[in-house]
Amino acid sequence: MIERLKALLAGKDAGALVARKGGEALQVAAAALLVEAALMDDTFDDSERATIEQLLTARFDLSADEVATLLDEARSQVTSSSQLFGFTRIIADAFDNDQRIELMEMLWQVAYADGELHDFEASLMRRLAGLLHVSDHDSGRARQAARTRLGQLKE
């Protein structure tokens, strides 16, 4: 786990994304980052999976079958690569600032889905904010919005 985290944060392992065009590559990249956030604490529990499924369904207007397929592809991509840069580059190139902040909120929701924020998850979120060109202020606002949204869902 520690070695994987070090490789991930250092940007080593240049595993390539499966060649995809346009929206598909964007969906896989976003889903892969969400899966990576879920896996950072070495678990991928039902609450994290359900959160990711809801977020992908809402963000990309996908059916349950499409989300399941996308999640399988994202897990495969994350497993075969510890390189964040490829995923974040696709998103940074395609999303405007507001969309990148929205993705940060989605990532924070996944990080908090199991009820706690692990140190590795917090480290990943700081790294992702930088790679996605989201300011600390905007990432903090996204974090607060995610916590508020999750609190409302649990009430």
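The values are calculated or read from the model by the stated rules, or taken from the named source; none is laboratory data. Since the model is a prediction, treat every value here as computed from it, not as a measurement. All Cβ positions, even for glycine, are placed from backbone atoms using ideal geometry, and neighbour counts span all protein chains on display.
From the list 102, 3, 24, 36, pick out the single residue that is acidic (Asp, Glu) and modelled with pLDDT of 95 or more.
None of the other options fit; the residue is 102.
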Open item on the list: I want to confirm something. Restricting to the range 67-122 and keeping residues that are under 19 Å from residue 56 (Cβ atoms) and outside any helix (DSSP H, G or I), which single residue is nearest to the chain's Cα centre (by Cα)?
Closed with: 113
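The rows are residues; the columns are (1) touching a Gly at 6+ places or on another chain (Cβ under 6 Å); (2) aromatic (Phe, Trp, Tyr); (3) farther than 19 Å from residue 118 by Cβ.
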| site | (1), (2), (3) |
| --- | --- |
| 44 | no, yes, no |
| 47 | no, no, no |
| 74 | no, no, yes |
| 81 | yes, no, yes |
Open item on the list: Return the residues of the range 129-146 that are touching a helix residue (DSSP H, G or I) at 6+ places or on another chain (Cβ under 6 Å) and in a helix (DSSP H, G or I); say none if nothing qualifies.
Closed with: 129, 131, 138, 139, 142, 143, 145, 146
Open item on the list: I'm told residue 51 meets every condition in (1) more than 14 Å from residue 111 (Cβ to Cβ); (2) touching a residue at least 60 places away in the same chain (Cβ under 8 Å); (3) not aliphatic (A, V, I, L, M) except one. Can you identify the failing condition by its number?
Closed with: (1)
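Residues are listed down the side, and each one gets a yes or a no for (1) surrounded by fewer than 20 Cβ atoms within 10 Å (Cβ to Cβ); (2) of a type in the set (A, V, I, L, M); (3) in contact (Cβ under 8 Å) with a residue 12 or more places away in the chain:
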residue: 60; (1), (2), (3): yes, no, yes
residue: 86; (1), (2), (3): yes, no, yes
residue: 93; (1), (2), (3): yes, no, no
residue: 98; (1), (2), (3): yes, no, no
residue: 106; (1), (2), (3): no, yes, yes
residue: 118; (1), (2), (3): yes, no, yes
residue: 131; (1), (2), (3): yes, yes, yes
